[in-house]
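**Q** If you scroll down you'll find the structure; I have some questions about it.
Every read-out reported here was derived from the displayed coordinates using simple, explicitly stated rules and does not represent laboratory data. Please read these numbers as outputs of a predicted model, since none were measured by experiment. A quick note on method: Cβ atoms are made from the backbone with ideal geometry, for glycine too, and the neighbour counts reach across all protein chains shown.
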């Protein structure tokens, strides 16, 4: 009887802080199950051992910020049966996408002592801007149990069972009082994808939108409520939407609208 080969898993890094890869390593017992179900073919964060492509499943963390990265992601897509992006950087350009709203050369001149040696793109863009992506797992960082579910789903040829509701549902489930209703605190919970367990509202803070926009978010209605009822000025609305997921389409459009209205 021929021995059945395990699927090959590869984990790739682009411009990011490594936090989403660490979420996989932080799975502990679950990671052992994942490791038992796949061959970890490429994962520099965990091992120096590598296996040749093709790969059955590639997890990609980080955004595209250099011309070399733009070429490399094309190569990764070609050798990957399925490609999943993990985290805000890979799905929405990350906090580094704030460069997209200004002149990146100004930042380079301020930050680096020898800016002439810096070779970078004018923008920080999500992986899906450059190649086809099979699934996007949001979060900054991602929810490790959601990651395990996505890996399990793709290894077994099914759709991931990841909730698509907003953070507000998580607040209700844990019995957290709405900070916007009770205290007048601006909160992105109504338009943000669930996954964090509503941590910030549980400590009487508004949601920062770490998990990016939920499906069909009504950002316009939310920002209007902030501006007209809570008295939040336009600059603060722009600032809130330009966070970890600043270049996610729904958040970007809302911040652009208020910037143009100033």
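**Q** Roughly what % antiparallel, to the nearest 5, for the DSSP beta bridges in the chain?
**A** 25 percent
**Q** Same structure again: Specify the angular offset, from 0 to 90 degrees and rounded to the nearest 10, of the alpha carbon long axis of helix 249-260 from the longest principal axis of the alpha carbons in the chain.
**A** Approximately 30 degrees, to the nearest 10.
**Q** Now a separate question. Specify the inter-centroid distance of the range 108-129 and the range 131-194, based on alpha-carbon positions, in whole Å.
**A** 31 Å
**Q** Give me Rg over Rh for the chain, both radii from the alpha carbons and Rh done the Kirkwood way, two decimal places.
**A** 1.01
**Q** Something else about it: Once you keep just the Cα pairs under 8 angstrom separated by 6 or more residues, what percentage relative contact order results for the chain? If you can, show how the numbers build up before the last one.
**A** Values: 481 pairs, mean separation 44.2, N = 262.
For the chain, the relative contact order is 17 percent.
**Q** If you don't mind, there's one more thing I want to ask. When the chain is modelled as a GNM with alpha-carbon springs shorter than 10 Å, which of 210, 140, 178 fluctuates the most?
**A** Result for the chain, Cα springs under 10 Å: 178 fluctuates most.
**Q** How big is the C-alpha Rg of the range 66-123 next to the rule-of-thumb value 2.2 N^0.38 Å, as a ratio? Present the calculation step by step, with values, prior to reporting the outcome.
**A** On the way: Rg = 14.1 Å, N = 58, 2.2 N^0.38 = 10.3 Å.
In units of the 2.2 N^0.38 Å rule of thumb, it is 1.37.
**Q** As a footprinting exposure proxy, order 191, 240 by other Cβ within 10 Å, with the fewest listed first.
**A** Lowest to highest Cβ neighbour count: 240, 191.
**Q** Shifting gears a bit: Could you list 56, 103 in order of exposure, starting from the residue whose Cβ has the fewest other Cβ atoms within 10 Å?
**A** Result, fewest neighbours first: 103, 56.
**Q** Additional query: Cut-off is 10 Å between beta-carbons; in what order do 107, 241, 43 appear when sorted fewest neighbours first?
**A** 107, 43, 241
**Q** Averaging the inverse of every distinct alpha carbon separation and then flipping it gives the Kirkwood radius. What is it for the range 135-262, in angstrom units?
**A** Computed over Cα pairs of the range 135-262, the Kirkwood hydrodynamic radius comes out at 15.2 Å.
**Q** Give me the number: length gained by fully extending residue 46 to residue 152, i.e. 0.36 nm times residue separation minus the C-alpha to C-alpha distance, one decimal in nm.
**A** Full extension of this stretch gives 36.2 nm more.
**Q** In Å, what Kirkwood hydrodynamic radius results for the range 8-155 from the alpha-carbon pair distances?
**A** 15.9 Å
**Q** Also: How big is the range 209-262 by Rg and Dmax over its Cα atoms, in Å?
**A** Answer for the range 209-262, Rg first and Dmax second: 10.3, 28 Å.
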